[in-house]
1. If you keep only loop residues by DSSP, which trypsin sites (Lys or Arg not before Pro) in the range 53-131 have at most 16 other Cβ atoms within 10 Å of their Cβ?
2. If you place +1 on the Cβ of every Lys and Arg, -1 on the Cβ of every Asp and Glu, and leave all else neutral, what size is the dipole of the chain about its Cα centre, to the nearest 20 Debye?
3. Largest first and to the nearest Å, give the Cα extent of the range 189-234 along each principal axis.
4. Percent of Cα-Cα pairs per 5 Å bin, from 0 to the last occupied bin, for the range 62-151, please list those.
5. Send over a whole-number figure in Å² for the accessible area per residue of the chain, probe 1.4 Å.
6. Would you mind checking the tilt of helix 33-42 against the longest principal axis of the Cα atoms of the chain, expressed as 0 to 90 degrees and rounded to 10?
7. What is the chain's relative contact order, in percent, from Cα pairs under 8 angstrom and six or more apart in sequence?
8. Pairs 8/221; 221/241; 142/229; 13/189; 113/171; 189/244: which exceed 18 Å Cα-Cα?
Amino acid sequence: MLLKEISKIDNAKILSRNRYVASHIPEYHFLSRASLRSMLNKYHTVYLKPNNSCQGKGVIRIDRRSKHYLVKPRDRNKTYRLATIDSLMHCIQQEKMKRPYLIQRGIDSYTNKGRLFDIRSHLLRINGNWELGAIIGRVATKRGVTTNAYSGGTPVPIRPLLADHLGLDEKQQEIYIDELTELSLQATKTFGKAFPKWTEFGLDIGIDKKGKLWIYEINIKPGMYVFRKDRPSHQRIMQMKKLKS
């Protein structure tokens, strides 16, 4: 697989080879009318994503209400309210990028103030072994549907995220950081076996209302921009980059 041939679904299938990691991946399918109907019958929120893009481009969020659906494209400051699957599918075709899409279960990963958040973990292969470089939170804008900087999201160091935005005490913070570290390492080791020459990955992870971790996707060419305001994390990763095998 070349970098220009990124496939979110193929990547998720590789991660799912690890049974532990597979239990932390939200249900996903290629987008079709049938999969759209099925997923919205099962979940109150789903995300539509281009199968081969990055930086949150082309993402569409759909929320199921009692008598209608709300459609929120990331790239437009507009929300559609639609009553049927047919009208919903027509709207999607008008809004989505001209490339294959996947549909993924939405996770209720919210701060105490009701803003979407996720966590980016950055891992590097050092002398053949995977090591965690840093973990950082990302909080979306008030009405944002994604958390990355290209969507207006704000980077938040992991401790303040867990303490101030989620209200966790120090013991709870340690538990989550340990769980995030273990899941990130397991996922990266599994994915790294398929691509032994790659030395750097980023994982986007959410935490639902019950405290379960969910891997949204793995990034095969993670940027450093999200760490720009967290100097210790940024410096640690840059130092580790010098040691990469």
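1. On the way: sites: 57, 61, 64, 65, 67, 74, 76, 78, 81, 96, 98, 105, 113, 115, 120, 125; in loops: 57, 65, 67, 74, 76, 78, 96, 98, 113, 115.
Sparse-neighbourhood loop trypsin sites (Lys or Arg not before Pro): 57, 65, 67, 76, 78, 98, 113.
2. Values: 46 positive and 22 negative charges, 173 e Å.
It works out to roughly 840 debye.
3. 37, 28, 14
4. It works out to 3, 10, 16, 18, 17, 13, 9, 6, 4, 2, 1, 0, in whole percents.
5. On the way: 12750 Å² over 245 residues.
That works out to 52 Å² per residue.
6. In the chain, helix 33-42 runs at an angle near 70 degrees to the longest axis.
7. Working: 453 pairs, mean separation 50.4, N = 245.
Computed value for the chain: 21 percent relative contact order.
8. Values: 8/221 13 Å; 221/241 13 Å; 142/229 21 Å; 13/189 14 Å; 113/171 22 Å; 189/244 15 Å.
The answer is 142/229; 113/171.
The values are calculated or read from the model by the stated rules, or taken from the named source; none is laboratory data. Here the structure is a predicted model, which is why all the values come from computation and not from measurement. Note that each Cβ is placed from the backbone with ideal geometry, even for glycine, and that neighbours are counted across all protein chains shown. These accessible areas exclude ligands, DNA and RNA; they are computed on the full protein's heavy atoms, side chains included. Shrake-Rupley method; radii C 1.70, N 1.55, O 1.52, S 1.80 Å.
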